[in-house]
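The block underneath contains the structure these notes are about, expressed in structure tokens.
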Amino acid sequence: GENVEQHPSTLSVQEGDSAVIKCTYSDSASNYFPWYKQELGKRPQLIIDIRSNVGEKKDQRIAVTLNKTAKHFSLHITETQPEDSAVYFCAAAYTGFQKLVFGTGTRLLVSP
Amino acid sequence: DSGVTQTPKHLITATGQRVTLRCSPRSGDLSVYWYQQSLDQGLQFLIQYYNGEERAKGNILERFSAQQFPDLHSELNLSSLELGDSALYFCASSAPDRGFEIAGAGELFFGEGSRLTVL
């Protein structure tokens, strides 16, 4: 069945450093890969997404890369700030309907 | 504010009981999704509806059921509750015009969640 693996489960960085979170999906037919940020006690919110016809997408300090051959995608955050501290979830959507399967999440802590 | 409304926000009940969680999607959204988030856990996909019809099912227990009504609101029914059912239940909706059958999924807008505590 559909499965999304996410690593690491926790990530601690110093303010200004870069952070990278990696995900692997199981179904080669997956075509949509969003990233959601969930702050403590809040709802998940989309921060960036990428479709299978694109290899990389960037939005200010955030970028996502996709390697369809290896079936993995990554989130890159540069110049991290304390407000980036949150849990980040990757997800993959499967062809035919909008079923989004989420990874297990990465707790990012950015220390001042 | 995402535009997705979930009620109740908090619910405390006993084992063996039954509860109903309600979700109103964003105006115009036809798809509704239910996710379960246990403490320090990820988002487990339960079920998805599109314009009143079930579209996809995840790891939803037989004790759980859901439906989407003609006015597009959805209800998640949890019965014979167990301690392990304690979790945050999220509803999300998405827009109808993404051409999802062709182009794939789009952004999900999550509600604030319903926190269920089973004692």
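So for segment A:28-39 (the condition being among the aliphatic types (A, V, I, L, M) and away from every other protein chain (no Cβ under 11 Å)), does at least one residue qualify? Taking every residue of segment A:28-39 in turn, none turns out to be among the aliphatic types (A, V, I, L, M) and away from every other protein chain (no Cβ under 11 Å). The listed residues are B:Ala66, B:Ala92, and the only one of them that is under 19 Å from A:Phe33 (Cα atoms) and either of a type in the set (Gly, Ala, Ser) or in contact with a His (Cβ under 6 Å, 6 or more places away or on another chain) (or both) turns out to be B:Ala92.
Scanning segment B:47-78 for residues that are within 14 Å of another protein chain (Cβ to nearest Cβ), over 14 Å from B:Ser93 (Cβ atoms) and surrounded by 15 or more Cβ atoms within 10 Å (Cβ to Cβ) yields B:Ala56, B:Gly58, B:Ile60. When residues in segment B:26-46 are screened for being at pLDDT 95 or above and either β-branched (Val, Ile, Thr) or part of a loop (DSSP other than H, G, I, E, B) (or both), 0 of them pass.
Every residue in segment B:24-44 that is under 18 Å from B:His73 (Cα atoms) and touching a Gly at 6+ places or on another chain (Cβ under 6 Å), please. Listed by number, the list holds a single entry, B:Arg26. Within segment A:51-71, the set of residues being modelled with pLDDT under 90 and not small (Gly, Ala, Ser) comprises A:Arg51, A:Asn53, A:Val54. Would segment B:6-14 turn up any residue that is under 21 Å from A:Lys99 (Cβ atoms), more than 10 Å from every other protein chain (Cβ to nearest Cβ) and modelled with pLDDT of 95 or more? Scanning segment B:6-14, I find no residue that is under 21 Å from A:Lys99 (Cβ atoms), more than 10 Å from every other protein chain (Cβ to nearest Cβ) and modelled with pLDDT of 95 or more, so the answer is no.
Of all residue pairs spaced 6 or more apart or on separate chains, those with beta-carbon atoms under 9 Å, a first member in segment B:36-49 that is farther than 16 Å from A:Glu39 by Cβ and among the aromatic types (Phe, Trp, Tyr) and a second member that is part of a loop (DSSP other than H, G, I, E, B) and modelled with pLDDT of 90 or more are B:Phe45/B:Ile60; B:Tyr49/B:Leu72.
Residue under question is A:Ser12, and the condition is that it be more than 14 Å from chain B (Cβ to nearest Cβ) and surrounded by 13 or more Cβ atoms within 10 Å (Cβ to Cβ); does it hold? Spelling it out, A:Ser12 is indeed more than 14 Å from chain B (Cβ to nearest Cβ) and surrounded by 13 or more Cβ atoms within 10 Å (Cβ to Cβ).
Taking segment B:19-46 on its own, how many of its residues are of a type in the set (S, T, N, Q), facing another protein chain (nearest Cβ under 9 Å) and surrounded by fewer than 23 Cβ atoms within 10 Å (Cβ to Cβ)? Break it down stepwise before answering.
Pass one, segment B:19-46, residues of a type in the set (S, T, N, Q): B:20, B:24, B:27, B:31, B:36-38, B:41, B:44.
Those still in the list that are facing another protein chain (nearest Cβ under 9 Å) too: B:31, B:37, B:41, B:44.
Right, trim to surrounded by fewer than 23 Cβ atoms within 10 Å (Cβ to Cβ) and you get B:37, B:41, B:44.
So the count comes out to 3.
Scanning segment A:74-94 for any residue that is crowded, with 16+ Cβ neighbours inside 10 Å, over 15 Å from B:Leu43 (Cα atoms) and modelled with pLDDT under 95 turns up at least one such residue. Among the residues of segment B:95-118, the ones that are within 12 Å of another protein chain (Cβ to nearest Cβ) and modelled with pLDDT of 85 or more come to 8 in all. Among the residues of segment A:67-83, not a single one is within 13 Å of another protein chain (Cβ to nearest Cβ), out of contact with any helix residue (DSSP H, G or I) (no Cβ under 7 Å at 6 or more places or on another chain) and under 19 Å from A:His7 (Cα atoms).
The values are calculated or read from the model by the stated rules, or taken from the named source; none is laboratory data. Quick caveat, the model's predicted, so the values are computed rather than measured. Backbone-built Cβ (ideal geometry, glycine too); neighbour counts: all protein chains shown.
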